[in-house]
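The values are calculated or read from the model by the stated rules, or taken from the named source; none is laboratory data. Bear in mind the structure is a predicted one, so any value in this text is a computation, not a measurement. No Cβ is skipped: glycine too gets one built from the backbone with ideal geometry, and neighbour counts run over all protein chains shown.
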């Protein structure tokens, strides 16, 4: 049985227990989703796009690594997926909470395509999950007089990832059980 069929079976099993699908944390499963997405005739294509968009666990899993790499290919127009535009791919990267997504955003921000670099930099300015290796890449690019790296570092120095958050409502209603 392939990974996708097993995932669908698991979804049905969980549904009987009133549970939502488990997030996908398995890189090979994401690779199978991508194959189905790229095959416009695949009967599971639309469902695979939905799972790719909404069901992959963020962070540093093997699934997140495969997802981030595919989104990078979309942003660089190496792969065209009508339902996932380059701007939507950047948005998806922005919600992945560090790790592989930050690697991809840094690749794009420090890359040679200025338009993509600026867009990736804007997303990077919202990210709080940068690690020493990430800041070292920015420092190296800054020392090489990369204007985008300078812009990102200045944004971090001003804590814009925090200060640019939307204001909270004056009152928040909470129900607890």
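Considering only the range 67-87, state which residues are within 20 Å of residue 131 (Cα to Cα) and either assigned to a loop (DSSP other than H, G, I, E, B) or not assigned by TED's automatic domain parsing to the domain that holds residue 131 (or both). Within the range 67-87, no residue meets the criteria. With respect to the conditions (1) surrounded by 10 or more Cβ atoms within 10 Å (Cβ to Cβ); (2) not assigned by TED's automatic domain parsing to the domain that holds residue 114, residue 146 falls short on a single one, namely (2).
Would you check if residue 79 is surrounded by 15 or more Cβ atoms within 10 Å (Cβ to Cβ) and touching a strand residue (DSSP E or B) at 6+ places or on another chain (Cβ under 9 Å)? Steps first, answer last, please.
Working: surrounded by 15 or more Cβ atoms within 10 Å (Cβ to Cβ): yes; touching a strand residue (DSSP E or B) at 6+ places or on another chain (Cβ under 9 Å): no.
It is false that residue 79 is surrounded by 15 or more Cβ atoms within 10 Å (Cβ to Cβ) and touching a strand residue (DSSP E or B) at 6+ places or on another chain (Cβ under 9 Å).
Kindly evaluate residue 122 against the criterion of being out of contact with any helix residue (DSSP H, G or I) (no Cβ under 8 Å at 6 or more places or on another chain), under 30 Å from residue 41 (Cα atoms), outside the structural domain of residue 50 (by TED's automatic domain parsing) and part of a helix (DSSP H, G or I). Spelling it out, it is not the case that residue 122 is out of contact with any helix residue (DSSP H, G or I) (no Cβ under 8 Å at 6 or more places or on another chain), under 30 Å from residue 41 (Cα atoms), outside the structural domain of residue 50 (by TED's automatic domain parsing) and part of a helix (DSSP H, G or I).
Candidates are the residues of the range 15-32 that are over 20 Å from residue 58 (Cβ atoms) and assigned to a helix (DSSP H, G or I); the one that is nearest to the chain's Cα centre (by Cα) is 15. Residues in the range 92-103 that are assigned to a helix (DSSP H, G or I) and within 9 Å of the chain's Cα centre (by Cα): 92, 93, 94, 100, 101, 102. Total residues in the range 127-177 satisfying the condition of being within 21 Å of residue 91 (Cα to Cα) and not in a helix (DSSP H, G or I): the figure is 10. Here residue 60 meets the list (1) over 28 Å from residue 115 (Cβ atoms); (2) touching a residue at least 12 places away in the same chain (Cβ under 8 Å); (3) in a helix (DSSP H, G or I) almost entirely, failing just condition (3). If only one of 32, 36, 43 is surrounded by fewer than 17 Cβ atoms within 10 Å (Cβ to Cβ), modelled with pLDDT of 95 or more and not assigned by TED's automatic domain parsing to the domain that holds residue 90, which one is it? When all the criteria are applied, what remains is 43.
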